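This report refers to the structure that appears directly beneath it.
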Amino acid sequence: MERFQKFILLPFILAASLTGLGFCYSILDGPTNATVLAGSEARFNCTVANGWAILIWLLNTNPVLTVINSHGPIETSDRFTSHSYNNSQSFTSELIVHNTQLNDSGKIECSIQKLDGSSFAFLSVQVNGSLLMKNSTLIVKENTTVEVVCEALGWAPAPEITWMTNDSVIDKSRYVTQQSQGSNSLHNALSVLTLTPMNTEILTCLADIEALPNPQNATIAVIVGNSTLDSSYSEDSTSTWVIVLAVVFSIVGFILLIILIWVVVRCCCLKKGSTYENEVRKISIKKKTDDHLGNRQRGGSENQGYVPEEPHNTGQIPTVVSLPPMSTKFTVPRPDLHTSSAPKGRPQRHTDYPINPKKIRNVTHV
């Protein structure tokens, strides 16, 4: 009987022991889905009963953060941090994903490392792209049908496009929206609105995704034109062209002035360089002449009494014809020759002197 009672009490003892070791704790409240814009934060909470030992956060089945009951959170990346909240019956761990990226989208799981001890949610990261129209003002003629284009670029997912006119929603049958896949898993959208305005209208194009608190919008004013508006528009266009041409001609004139100044300065520099070379050449020639005269003076002593014969002007002074040379010898009659009966007298001495005796330059060589 006593043995039977022991077998009955054993399961209760084991159950109490397992409860004390933490095998009976469970997840009381798991994380919930979150949709955020890229670059912002995403937060997830997981609440477990007291007695837990370890809690692990996983993103797309990859562990990103671990919390140990006796130690606290173990953070291995700055992008994944946590906060903890305790009370008498439960423990709450909050996972914070910083600077979310498009590839962070996926499954977020909270696990307490036991059978059926996990809970998960989904993270959706969206990208807010750009929304634009080509013009902010459009002038059209009366009873003319026009197409207004609105373009959304770089969105994830593709945005929903709607149109409004003067704060009233336009029926979807009046516009067509086309979507296309862009780069880096982003999407583009092109919406074309067709209308025939009767009066001036303010058109608004709106693009919306779930993560945006308010749709992004772009506005255009459609003005029904008349002759006055057309003439003013043409005058504005003419004035714009005049201003553009004036600016262009000013720039061209300034460039030509700079080129002209450069050419003048260049020519002056070249002229100055040529004058300098001529002066150097003259000095060199003069130096060579002085050296030649110095060499000649060192070669011999010149007769300082010599006066060079200066040229005469043949046009003013008549040419003097030189007389034939006269013999300077005395003539003595030979005895065998007959002499005239003229009385003998003293023989005359004839000396032949030139009319213009030449001057001789004597140079004594040492």
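The table below gives the values:
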quantity: List D116, D208, D171, ordered by accessible area with a 1.4 Å probe, largest first; calculated: D116, D171, D208
quantity: Cβ-based net charge around P215, under 13 Å, with every Lys or Arg adding one and every Asp or Glu removing one; calculated: -3
quantity: Exposure of Y85 as accessible area (Å², to 10), given a probe of 1.4 Å and all protein chains; calculated: 110 Å²
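The values are calculated or read from the model by the stated rules, or taken from the named source; none is laboratory data. None of the values given here were measured: they were computed from a predicted structure. For neighbour counting, all protein chains shown are included, and Cβ atoms are generated from backbone atoms with ideal geometry for every residue, glycine included. The area values use the complete protein model at the heavy-atom level, side chains included, leaving out ligands, DNA and RNA. Shrake-Rupley method; radii C 1.70, N 1.55, O 1.52, S 1.80 Å.
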